[in-house]
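Presented below is the structure to which this report refers.
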Amino acid sequence: MKDDELARTIQAKWPTLAACADTISEHPTATLRPAQATDSAAHRALVDLATEGSALGAFDIESTIGEGGMGIVKLARQRSLGRRVVVKTLRPDVTAPDAALSLLREAWITGALEHPNIVPVHELVIDARGLPVIVLKRIEGVTWSTLIENPELVLSRAGAVDPLEFHLGVFGQVCNAVSLAHARGIIHRDLKPDNVMIGAFGEVYVVDWGIAVSLRDAGDGRLPLAVNATQIAGTPAYMAPEMLGGATPNISAQTDVYLLGAVLFEVLTAKAPHDGSDFHAIIASILASQPVLPASVPEELAQICTTAMSAAPADRWKSADDLRLAVQAFQRHRGSGLLAASAHARLLELQDLIAQGATTSPESRARLYNLFGECQFGFKQSLTSWPQNRVSEAGLRTAREAMVRIELASGFPEQAAMMLAEVSHPPATLARAVADAVENARRDRTEAERLRLEFDPAIGRRTRAVAGGAIGLFFTVMPLGAWYLEARSGGPTLARSLGNAAASTIFAAVLLAVGRRSLAEATVNRRMAVGMIFMFAAQFVLEVGGADLGFAPGPMIVTHFFLWFVVAGVFAITSDRRLAPTAAMYLLSFLYLSRNPHHRFPVMALANFVLSLNVLLAWKSPAQRPPARK
């Protein structure tokens with residue numbers, strides 16, 4: 001509301017505000033009571049009380065326990081039942097008829113509202129002056145405002161560990177009492193912490209119904225009607241705008257809803273909502289009704305309070321019960337909020353650690369995952385108790401997306417993909433980055449697996465063992481046969497040497513043809529096959545070339561040993577180092593035969609026998625596979 005609008009509104013209401021302007025300025029927490037004219041209903045009630053003989057004589061007055069503007073409250077003993085009660089009557093100096101009527105109406109209203117949170121009326125009698133006296137249940141306790149102002153009393157008297165939880169519990173019981181009153185058509189009009197009593201055993205009572213009005217006309221004139229409430233009434237520090245009076249009354253159940261919101265405001269801030277320093281400040285606060293709550297108040301609870309205190313009645317909660325249910329929902333959500341707050345603190349630590357860039361060492365990754373586990377657990381627990389907790393939803397998403405990016409940056413796309421699967425509707429750019437990284441990793445694994453299989457010595461090992469053993473055995477036996485034939489024929493011949501080379505080549509070719517499928521599966525097998533073909537071809541060419549050069553057959557066979565050493569050595573170096581003993585045997589044989597060539601066939605048989613043993617021992621079981629590349 002703008003300043004000029006506020007000035008015009010105050011000016012328009014000045015006829016009803018002028019009489020109480022000083023009280024509003026000096027005592028904003030005092031109740032303003034409207035004037036009440038004595039009518040026939042009140043007069044008849046007093047006459048009936050006197051006729052029935054229901055007098056205060058049945059009670060022994062003990063002491064005064066409270067005194068207000070018009071009334072006085074005393075402790076008394078009811079002789080008939082031997083119990084202590086509270087009697088409320090008018091002060092000796094108050095004789096105005098409207099005061100008696102106000103007290104009567106309070107008795108009628110309170111007596112009609114039987115509820116655990118409304119003080120029971122035991123009896124309505126008259127005193128010696130002929131004025132009404134209300135006999136009420138004795139409450140041993142303190143006002144709610146006392147506990148709000150002194151949080152330590154909440155711990156010592158009520159034994160509550162959480163003051164806010166305690167006060168919200170009291171608030172719910174006050175709402176219950178007001179809901180019953182509204183169901184009976186009664187509007188309290190003066191709800192405030194001073195008008196709520198807290199008993200020694202946790203009892204909660206809404207008191208002082210002295211300015212209540214009725215929404216229903218019973219026709220007996222006993223209760224003032226809301227449609228006639230044109231005067232200012234209530235406590236300025238808590239008032240709703242429509243309570244300032246005016247020609248058009250607007251008192252309704254939403255008026256009490258506003259007052260309940262004002263009470264909740266004081267619970268949350270420890271001060272009344274309209275606590276201006278002067279008359280104009282207080283009236284301006286009432287008319288504007290824009291309560292400002294501290295940032296420490298949970299957002300959900302702050303919204304509940306500000307909705308209840310909306311300037312327009314239509315914008316408030318529809319009923320006191322709706323307000324109570326909203327606060328109860330917050331109480332259920334509060335545990336979720338506390339979990340979310342703790343998890344959010346862990347999330348901030350997680351984000352700080354990521355920002356520092358120390359996420360690659362084992363220690364930092366362990367710290368990273370510990371923080372993530374803690375904040376994820378907290379957010380999940382928060383959502384378990386309150387699935388609609390948007391703060392927890394956002395925090396959990398933020399934590400998971402942060403970990404997805406960390407796993408991508410660390411080169412773990414599979415872990416990133418698993419983390420991303422738990423994020424509903426992830427950012428498109430992040431989803432594409434994860435998908436690309438996973439596909440690249442798949443390609444790398446496929447290539448690594450292909451290379452591993454290509455160079456896996458276990459593949460085709462049996463075929464190699466059979467082929468190598470057969471060749472070794474063949475060349476073990478063949479030299480002995482050649483040695484025998486040469487001894488019988490009187491020496492080596494070129495034809496026999498070429499024949500031996502050709503027979504060896506054919507035998508090897510047959511073996512390779514039989515095992516070609518297995519030998520083609522891996523690089524080590526193909527190298528062996530190619531090496532054998534090369535060796536026999538080279539051996540045959542060496543025989544032919546040596547013959548053209550005039551080399552004698554005996555020395556020519558000795559050169560074969562060096563050729564076999566070279567082929568076996570290259571194969572041991574490039575494919576399977578376990579064949580190094582064969583290469584060494586061929587080298588030693590060559591060196592020996594270079595001085596003793598006439599021993600070539602026995603030495604050849606021995607060397608080839610070593611080849612057979614070497615192959616069988618090396619390839620009888622799988623070699624240890626090299627680890628796959630990451």
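Quick notes on this one:
- Distance (nanometres) between label positions extended 7 Å along Cα→Cβ at Asp162 and His425: 3.1 nm
- With a Förster radius of 41 Å applied to the beta-carbon distance between Arg488 and Val566, the computed FRET efficiency rounds to 0.80.
- Simple point charges give the picture: +1 on the Cβ of Lys and Arg, -1 on the Cβ of Asp and Glu, and for the range 331-412 a dipole about the Cα centre of about 320 debye.
- Ile139-Asp315 FRET efficiency (beta carbon distance; Förster radius 51 Å; 0.05 resolution): 0.90
- Within-14-Å neighbourhood charge of Arg129 [Cβ basis; K, R +1; D, E -1]: -1
- With helices as the sole contributors, the chain gives -20000 deg cm²/dmol at 222 nm; each DSSP H run of n ≥ 4 counts as -39500 (n - 2.57), and the sum is divided by every residue.
- Proximal charge balance of Arg77 [Cβ under 13 Å; K/R count +1, D/E count -1]: +3
- Cut-off under 5 Å, modelled amide H: who pairs with Leu225 long-range: Ser214
- Between Glu393 and Ala502, residue separation times 0.36 nm minus the direct Cα-Cα distance comes to 31.1 nm.
- Sorting the segments 127-134, 397-404 by their mean number of nearby beta carbons within 10 angstrom, highest to lowest, gives 397-404, 127-134.
- If you plug the beta carbon distance of Leu225 and Gln351 into 1/(1 + (r/R0)^6) with R0 = 41 Å, you get a FRET efficiency near 0.10.
- Of interest is the spacing of the C-alpha centroids, which for the range 527-583 and the range 276-310 amounts to 102 Å.
- A crude spin-label estimate for the pair Asp548 and Asp3, with each label 7 Å from Cα along the Cβ direction, gives 12.0 nm.
- Long-range HN-HN contacts of Ile118 with modeled amide H, under 5 Å: Val206
- Contour minus Cα-Cα distance for Val73 and Ala281 (0.36 nm per residue): 71.5 nm
- Integer Hz, Karplus 6.51/-1.76/1.60 couplings in order for the range 329-340, x for Gly and Pro: 4, 4, 4, 5, 6, 4, x, 4, x, 5, 5, 5
- Taking every DSSP bridge with both residues inside the chain, close to 90 percent are antiparallel.
- Shape category assigned to the chain from the gyration tensor of Cα positions, a/c cut at 1.5: prolate
- For the range 172-248, the C-alpha radius of gyration divided by 2.2 N^0.38 Å, with N the number of residues, is 1.19.
- Neighbourhood net charge (15 Å Cβ-Cβ; Lys/Arg +1, Asp/Glu -1) for Ala183: 0
- Amide hydrogen neighbours beyond the local backbone of Thr235, cut-off 5 Å, H modeled: Leu32
- Paramagnetic reach from Arg216 in the range 182-196 [backbone N under 11 Å; point 7 Å along Cα→Cβ]: 182-186
- The chain, accessible surface, carbon-and-sulfur percent (1.4 angstrom probe): 60 percent
- Separation of the Ile573 and Thr64 label points, Cα + 7 Å toward Cβ, nm: 12.0 nm
The values are calculated or read from the model by the stated rules, or taken from the named source; none is laboratory data. Owing to the predicted nature of the structure, the values given are computational and were not obtained by experimental measurement. Cβ atoms come from the backbone with ideal geometry, glycine included; neighbour counts cover every protein chain shown. All accessible areas refer to the heavy atoms of the entire protein, side chains included, with ligands and DNA or RNA removed. Shrake-Rupley method; radii C 1.70, N 1.55, O 1.52, S 1.80 Å.
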